[in-house]
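Comments concern the structure below.
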Amino acid sequence: WQSDPGMSFYLWSLAYRTTPLLWLGFLGGVLILFIRITRFGQLANPKHQNLTNQLHKLSAPTLLLLAYAFSYFGLMSWGDSKVDRYLLPIFPALSIVAAVGFWLVAETAASWFLRQPKWNWVYWATGVILIMGGVWYIWPHHPYYYTYWNPWLGGGRSAERRVPVGVGEGIDVIIDYLNTLPQAT
C-alpha cells in the first residue's frame, strides 16, 4: 500500500469494520423518523405533541453524536497517514445512534402492531435479539476482535482488496521471533 490510500480509505474501513446490526439500526432509525415526520405531517400538531417531545429529546444528543462522528471521520480522511484503527473513537457514537434507531423501530412496531406503545416486553425482546445478534457476529473472533470484517461485504477476502489487512504495530517483532524458533518454516 502507498502512504496515502486516498479519501475513500476510511469509507471502506468503516464499512468493513462495522457490523450489519449497526447499519440496520442506523437505517431503521432514519426510516422511522422519515415515516413519522411524513405520516404525521407537521410535528407541531397538538394531537402528536408526545411524538414532538420524544423527537426533540432524541434529536439534540443524536445529532451531536453524528456531528462528532462525521467531523472526526472527515478530519481523519484529510491526513496523510491512514490506519483503520484511527476510526475507533467514532464507533461508540455510531453504536449509540444505532441503538436509538433500534429503539425507534421497536417503539414504532409496538405502537403499530400492539396498539399499546408501552409494552415493555417488546423492548426487552428487541434488546435480547440485538445482543444475541451482536454476539453471533463477534463470537467467532473472540478474543481477537480485530479479525472481524463485515460479512455482508464479503468478509476478509473482499476487504484485502480495499484496505490493508493484517497491518499492525509489533507484527515485525513477532515474525522475527518466530523465525528464530526451530523449524521456523
Members of segment 59-95 found to be open to solvent by 40 Å² or more (accessible area, probe 1.4 Å), under 14 Å from the mean Cα position of the chain (by Cα) and either of a type in the set (A, V, I, L, M) or at pLDDT below 85 (or both), listed by number = LEU65, LEU88
remark   = When every residue in segment 160-184 that is under 21 Å from the mean Cα position of the chain (by Cα) and over 15 Å from TYR144 (Cβ atoms) is compared, the one modelled with the lowest pLDDT is PRO164
message = Condition (residue is among the aromatic types (Phe, Trp, Tyr), modelled with pLDDT under 70 and either out of contact with any Gly (no Cβ under 9 Å at 6 or more places or on another chain) or loosely packed, with under 13 Cβ neighbours inside 10 Å (or both)) applied to segment 22-38: is it met by at least one residue?
response = no
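How many residues are assigned to a helix (DSSP H, G or I), at pLDDT below 75 and surrounded by 11 or more Cβ atoms within 10 Å (Cβ to Cβ) when one looks only at segment 110-146?
Initial filter on segment 110-146 (assigned to a helix (DSSP H, G or I)): 110-113, 120-141, 145-146.
Subsequent filtering for residues that are at pLDDT below 75 retains 110-113, 120-123.
The next check asks that each one be surrounded by 11 or more Cβ atoms within 10 Å (Cβ to Cβ); those that pass are 110-111, 122-123.
Result for segment 110-146: 4.
The values are calculated or read from the model by the stated rules, or taken from the named source; none is laboratory data. It should be emphasised that the depicted structure is a prediction, and the values quoted were computed from it without experimental measurement. Here the Cβ is made from the backbone with ideal geometry for all residues, glycine too, and neighbour counts use every protein chain on show. What goes into the accessible areas is simple: the full protein's heavy atoms, side chains included, and nothing from ligands, DNA or RNA. Shrake-Rupley method; radii C 1.70, N 1.55, O 1.52, S 1.80 Å.
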